[in-house]
Every structure is written in C-alpha cells, then in structure tokens.
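Below is one structure; the comments refer to it alone.
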Amino acid sequence: MIVAVVRFPLDPPVSMADAAAMFEESAPRYQHVPGLLRKHYLVAPDGSSGGGVYLWESREAAEALYDQAWQDRLASRYGSPPIIDYFESPVTVDPDTITTASGTTA
C-alpha cells in the first residue's frame with residue numbers, strides 16, 4: 001500500500017471550524033476515487049497549514065488523482081500548490097487486525 005501525505009499552507013490561517021467546513025464540502029468528491037482506501041484531512045493546531053493523509057492501493061492510483069488539474073484546484077482554493085510525499089506502508093495496524101504485504105492476521 002501507498003501512503004501519500006499532502007500539505008499546503010493556509011494563508012491566512014483558518015479556525016478549526018472553518019477548516020472542518022471547507023473539508024466537509026470537498027469530502028464527497030473522494031468517496032469513490034478508484035484505488036483510494038481512506039483519507040484523513042489535516043489542519044495544524046494554529047490553522048496555518050492543512051492537508052491530508054491518503055491510503056492508496058497503489059502509487060499509480062494516487063498519481064491518477066494528483067494530476068495537474070487537481071494540483072491547480074488546490075492551489076486556487078488554498079493559495080499555494082500542494083506538497084505531496086509518498087511512502088510505502090508495509091504494515092498497517094487496525095484495532096482488530098494487522099495487515100502486512102503478505103496478508104492479514106487477527
């Protein structure tokens with residue numbers, strides 16, 4: 001699995017309530033993105049930056065979303081282009097399971 005961490009400055013900073021409202025408005029767009037397993041929206045405690053942590057089936061699926069048009073929309077909406085960092089996730093822990101590259105265990 002691939003984890004993508006997307007970050008962008010928020011200038012001017014936003015309140016948690018404003019961040020939640022912005023993110024809730026965009027959330028439905030991500031519900032049926034091919035290859036996206038989960039997305040967590042992020043905002044810094046001081047409201048100066050935001051972003052998301054995305055869990056993907058593959059890097060190709062992530063890159064299909066993060067095309068230039070998507071990056072341009074984020075830059076237009078939040079005032080600067082996003083920074084995207086990719087990570088391999090060899091082990092994932094949920095409350096009831098541990099998932100590794102070789103399978104799931106209870």
* Identify the residue in the stretch 71-90 that is under 15 Å from S26 (Cβ atoms) and either surrounded by 15 or more Cβ atoms within 10 Å (Cβ to Cβ) or of a type in the set (S, T, N, Q) (or both) and, among all such residues, is farthest from the chain's Cα centre (by Cα). => S76
* Structure fact -> Given the conditions (1) open to solvent by less than 60 Å² (accessible area, probe 1.4 Å); (2) closer than 18 Å to R38 by Cβ, every one holds for D94 apart from (1)
* Inspect the stretch 80-88 for any residue being touching a Phe, Trp or Tyr at 6+ places or on another chain (Cβ under 7 Å) and polar (S, T, N, Q) and give the result as yes or no. => yes
* To do: Working only within the stretch 34-66, note down all residues that are more than 24 Å from A17 (Cβ to Cβ) and open to solvent by 40 Å² or more (accessible area, probe 1.4 Å).
  => P34, L37, E57, R59, E60, E63, A64
* Of the residues that make up the stretch 31-45, is at least one of a type in the set (S, T, N, Q) and within 26 Å of V93 (Cα to Cα)? -> yes
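The values are calculated or read from the model by the stated rules, or taken from the named source; none is laboratory data. Predicted, not measured: the structure shown is a model, and the values here were computed from it. Virtual Cβ from ideal backbone geometry, glycine too; neighbours counted across all protein chains shown. For the accessible areas, the whole protein counts, side chains as well, though only heavy atoms, and no ligand, DNA or RNA atoms are used. Shrake-Rupley method; radii C 1.70, N 1.55, O 1.52, S 1.80 Å.
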